[in-house]
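The values are calculated or read from the model by the stated rules, or taken from the named source; none is laboratory data. Since the model is a prediction, treat every value here as computed from it, not as a measurement. FYI the Cβ positions are ideal-geometry reconstructions off the backbone, even for glycines, and counts take in every protein chain you see. The protein model used for the area step is the full one, side chains on, heavy atoms only, and it has no ligands, DNA or RNA in it. Shrake-Rupley method; radii C 1.70, N 1.55, O 1.52, S 1.80 Å.
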Amino acid sequence: MSSGNLRKKIFKNIIISLMIYIFPAFASAATILYTYDDDGQVTTATYNDAVKIEYAYDDSGNRTQKTVNLYPNITLSLSSLAFGSIHVSETSSAQTITITNTGLGNLIIGAVTITGANPSEFIKQTDTCSNTTIPVSGTCQIQAAFSPATAGAKTAALSIPSNDPDTATLNIALEGIGTAILTVAKDGTSTGTVTSSPAGIDCGTTCSASYSGGTITLTPQADNCATFAGWSGGGCSGTGTCIVTMTTDTTVTATFNMTAPVVDFSGNPLAGPLPHTANFIDLSTCSPTSWSWTFGDSRTSTLQNPAHTYDQQIGYYTVSLIATNAGGSNTLTKTNYITVQCPNDFVKNINSGIMYSTLQSAYNAAADNDSIRVQAVNFVGDLIVNRPVNITLTGGYDCFFVTRSGNTTVKGKIQTMPGGGKLTIGNIEIQK
């Protein structure tokens, strides 16, 4: 540096010192820093780290100056954080925001807080920015995450105060959706389906679904032979639809119970001579598990498909079936359902107990002094008496050959042959 330039610098410093001495208020409010070039020329003067005056000299020594504000400038790597859908009581992956000082002065950051509609459902996991000074081109970082307590759309903001004159407080939008799981459980003695609106539940097959809040309407549909008995859980009751307000994970139970059987049966054959056996088939629906039959002759059965023999007397028989399952019992009665007719063998040897279909066959097999009884029916045919036995032939009996109810009519003739024994006849009419 030339001696002339050195003298200039010393002189300027003396002037500055005098100004500080004469104007102490100015001296306390400002710190002035000078920068000189190799020729001793002042190139920069800085005041309070906030204003910089830059000087330039031409070849003739004339000086020009430019004022530059040394303000900080806060710059963000992201302007908002969107966390998507997160299940309640879980925490999302953290997202990182980098703050950079792209200004010309120090950036002073205050306490970073979370504000807005749902501040408690967003969290700071890392914060190297609060209450720090970030130099020019320096950086700091904040990590935030979403941890919803209830289902639904949630919003908040990271509030970042600083000395940036353009943005005293910078807010970074935070948003996420809390989701909760709705589960349908089924109970009871039978089955059915439950569907939802909005869609998601089809139980059946899909009995759990995730929802982002709101109300879900559940509709029950009982299967065949079942009835919907009602709801429990989720604030639902009764047998209508169930409306669930989704805030947290919720389980609703739908109870389906079996209905009592719808009773039906068949018998075959429905008519026949004594003794008559009818085969009964249970045709009841809704899966009965026990059966109780009454056949109209004081006898019963607990088989599902019994065979029953009517061997006491002729007549009409009323049959009933009680079918039972877990849902209860029902009864079906068919009045005069079975007809039992007189036996096809109308003739009986009282002594031997053997029955015959014709008079001639009974006579031919009879022993001496046997008694033959005949039902009160009409016969067509002849009776040839040609054996050396004494026989009593009496007609007009009921099916049991006990009580006489009329006469027996024989359309034919009774002829006694030589060598034939005695035939005693009663209650028999001979028609030609």
Added length on full extension, which subtracts the Cα-Cα distance from 0.36 nm per residue, K66 to A153: 26.1 nm
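Counting pairs of alpha carbon atoms under 8 Å apart in space and at least six apart in sequence, what relative contact order in percent does the chain give?
Working: 1101 pairs, mean separation 33.1, N = 432.
Computed value for the chain: 8 percent relative contact order.
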Gaussian network model of the chain, springs between alpha carbon atoms under 10 Å - residue of T133, T195, T219 with greatest fluctuation: T133
Virtual spin-label span in nm between N407 and T277, 7 Å along Cα→Cβ: 4.0
Label-to-label distance, nm, for residues given as S130 and S80 (7 Å Cα→Cβ offset): 2.5
Acute angle (nearest 10 degrees) that the helix 3-22 long axis makes with the longest principal axis of the chain, alpha-carbon atoms: 70
Efficiency of FRET from Cβ geometry, D166 and D58, R₀ 45 Å, rounded to 0.05: 0.80
³J(HN,Hα) computed for each position of the stretch 304-311 - Karplus, 6.51 cos²θ - 1.76 cosθ + 1.60, integer Hz, glycine/proline x: 6, 10, x, 10, 10, 9, 8, 10
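If eta is 1.567 mPa s and T is 4 °C, what Stokes-Einstein diffusion coefficient results for the stretch 248-395, Kirkwood Rh from Cα pairs, in µm²/s? Let's see the in-between values first.
Details: Rh = 19.0 Å.
Rounded to a whole number, D works out at 68 µm²/s.
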Identified option (computed Cα extents along the principal axes in Å; candidates (i) 191, 36, 29; (ii) 77, 69, 47; (iii) 76, 56, 40): (i)
Top of L321, L182, L104 by mean-square fluctuation, Gaussian network on the chain, Cα under 10 Å: L104
Nonlocal amide H pairs with D382, under 5 Å, H built at 1.01 Å: K413
Theoretical FRET efficiency, 1/(1+(r/R0)^6), r = Cβ-Cβ of V380 and A185, R0 56 Å, to 0.05: 0.15
Percent antiparallel among DSSP beta bridges (both partners in the chain, rounded to 5): 75
From phi via Karplus (6.51, -1.76, 1.60), per-residue ³J(HN,Hα) for the stretch 253-270 in Hz, x at Gly/Pro: 9, 10, 9, 10, 10, 6, 8, 5, x, 8, 8, 7, 7, 9, x, 7, x, 7
Average accessible surface area per residue within the chain, 1.4 Å rolling probe, Å²: 52
Segment S137-N224, length gained on full extension (0.36 nm per residue, minus Cα span): 23.8 nm
Residue-level accessible surface for T189, protein heavy atoms, 1.4 Å, Å²: 70
Fraction of accessible area attributable to carbon and sulfur, the chain (%, probe 1.4 Å): 51
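Which whole-number percent is the relative contact order of the stretch 270-422 (Cα, under 8 Å, 6+ apart)?
Numbers: 344 pairs, mean separation 26.7, N = 153.
The value is 17 percent.
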Cut-off under 5 Å, modelled amide H: who pairs with T189 long-range: F256, N257, M258
Amide proton proximity set for G105, modelled H, under 5 Å, gap of 5+: Y71, N73
Karplus 3J(HN,Hα) series, Hz, for the stretch 283-300 with 6.51 cos²θ - 1.76 cosθ + 1.60 (x for Gly, Pro): 10, 5, 9, 6, 6, x, 10, 8, 9, 9, 9, 10, 9, x, 10, 6, 10, 9
